[in-house]
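Here is the structure we will look at, set down as structure tokens.
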């Protein structure tokens, strides 16, 4: 057996992260259905472990010391990107869509619990196969898995990855047809000129940062990118440091919370204080890049230790729960999401984006909407509203929702 130390484990994770990117590029279906490269790379090692397990052999043993810090770092960046100013700039439609997504995140857990009950399994299996992994994706699923394991859901991490993967694939397969059905049924057309480009949240964030950077901050230098990186790293680490104390305080109150919740809350406070005071002028884009790096490495390292053989006993209830969830989200996109968001072409594109991130990831949303906009015309409002909620805000409220269900049970 090879015992890998901390550095070797992270290095191997990095290597297989690039292998995952390569496979997503070479194997077209992986890219078409937005399967995350870290998941592909990590599952390769998990499959290798499954094969060796069948022969009663353990070849690799990993040091996962950095797994939790990387996970906390990612969710800290989510807090640092949860700017209420950005939410307000997006307009009332963003706020409405945010509340709708939050409501249906709760509904996913209720539906999951109901679907799990006939099988005599823990209701928390329904929650784990609900907003934890569908709205939250593999990152949230793996982050909460230890808490679900403690509550009696055996093999929680493996279940989380299986549910998240099923959701991502479904979100990629179903989103386009749902949007197309709405457009054809109601004979919808874009109200924008064909030459107009879609406006995404990235454009909004760039303008938001330009406006902020025009005001003098507390630090100056010739290399602005270096300063952005330095500020981002220091604020992420400081948020994690202060947040760890907050998490310990919550734990002393008897609350069941994921390790990252304190850091994410502190990060949110820092972000919105900075928006008011312009003290740090924190850059969204740079922080987001650090978050992506931390998330990618965290997912690969977490998947390295998956026990895939534990899925066999829960295959039937898990498949049933996921089918019910997929049907539910597909139907609510037809009604009421489409009607609540305006019952026009933009609403149809928003509906397919909603399906993308409520079953999979924001990448699913963007891919679904791009297919429709390429064929039927631009939908600038949809490309603004969906990524702001799907990428920056729903994870924040989803963490609170999941925590409430965990503590209730």
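The values are calculated or read from the model by the stated rules, or taken from the named source; none is laboratory data. Just so it is clear, the model here is predicted, and its values are computed rather than measured. Every residue, glycine among them, receives a Cβ derived from its backbone with ideal geometry; neighbour counts consider all protein chains shown.
The table that follows gives values for the structure above.
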item	result
Any pair with Cβ under 9 angstrom, 6 or more apart, that starts in region 322-344 at a residue that is at positive phi and ends at one that is surrounded by fewer than 16 Cβ atoms within 10 Å (Cβ to Cβ)	343/186
Count of region 238-259 residues which are surrounded by 13 or more Cβ atoms within 10 Å (Cβ to Cβ), more than 21 Å from residue 406 (Cα to Cα) and either at pLDDT below 95 or over 21 Å from the mean Cα position of the chain (by Cα) (or both)	2
Failed condition for residue 195, given (1) surrounded by fewer than 19 Cβ atoms within 10 Å (Cβ to Cβ); (2) at pLDDT 60 or above; (3) more than 24 Å from residue 394 (Cα to Cα)	(2)
Residues (in contact with a helix residue (DSSP H, G or I) (Cβ under 6 Å, 6 or more places away or on another chain) and modelled with pLDDT of 90 or more) located in region 51-63	62, 63
Unmet criterion (only one of (1) over 19 Å from residue 140 (Cβ atoms); (2) surrounded by fewer than 22 Cβ atoms within 10 Å (Cβ to Cβ)) for residue 293	(1)
Answer residue from region 116-134, given it is assigned to a helix (DSSP H, G or I) and surrounded by fewer than 22 Cβ atoms within 10 Å (Cβ to Cβ) and is nearest to the chain's Cα centre (by Cα) among those	123
Check on residue 95, over 24 Å from residue 394 (Cα atoms) and modelled with pLDDT under 95	no
Pairs, first on the phi < 0 side of the Ramachandran plot and without any contact (Cβ under 8 Å) to a residue 40 or more places away in the chain in region 129-154, second surrounded by 24 or more Cβ atoms within 10 Å (Cβ to Cβ) and assigned to a loop (DSSP other than H, G, I, E, B), C-beta under 7 Å, six or more apart	141/133
Which listed residue is surrounded by fewer than 24 Cβ atoms within 10 Å (Cβ to Cβ), within 11 Å of the chain's Cα centre (by Cα) and in a helix (DSSP H, G or I), from 363, 367	363
Filter result (free of Cβ contacts under 8 Å to residues at least 24 places away in the same chain and crowded, with 17+ Cβ neighbours inside 10 Å) within region 32-55	40
Failed item, numbered, when residue 9 is tested on (1) touching a residue at least 12 places away in the same chain (Cβ under 8 Å); (2) assigned to a helix (DSSP H, G or I); (3) under 23 Å from the mean Cα position of the chain (by Cα)	(3)
Test for residue 281: is it modelled with pLDDT of 80 or more, surrounded by fewer than 18 Cβ atoms within 10 Å (Cβ to Cβ) and in contact with a helix residue (DSSP H, G or I) (Cβ under 6 Å, 6 or more places away or on another chain)	no
Residues of region 135-152 satisfying the condition of being buried (at least 24 other Cβ atoms within 10 Å of the Cβ) and either part of a helix (DSSP H, G or I) or touching a strand residue (DSSP E or B) at 6+ places or on another chain (Cβ under 9 Å) (or both)	137, 138, 139, 140, 141, 142, 143, 144, 145, 148
Unique residue being part of a helix (DSSP H, G or I), closer than 29 Å to residue 16 by Cα and out of contact with any helix residue (DSSP H, G or I) (no Cβ under 9 Å at 6 or more places or on another chain) when the list is 391, 312, 302, 399	312
Among the candidates 388, 402, 321, 394, residue that is closer than 30 Å to residue 67 by Cβ, under 21 Å from the mean Cα position of the chain (by Cα), modelled with pLDDT under 90 and crowded, with 22+ Cβ neighbours inside 10 Å	388
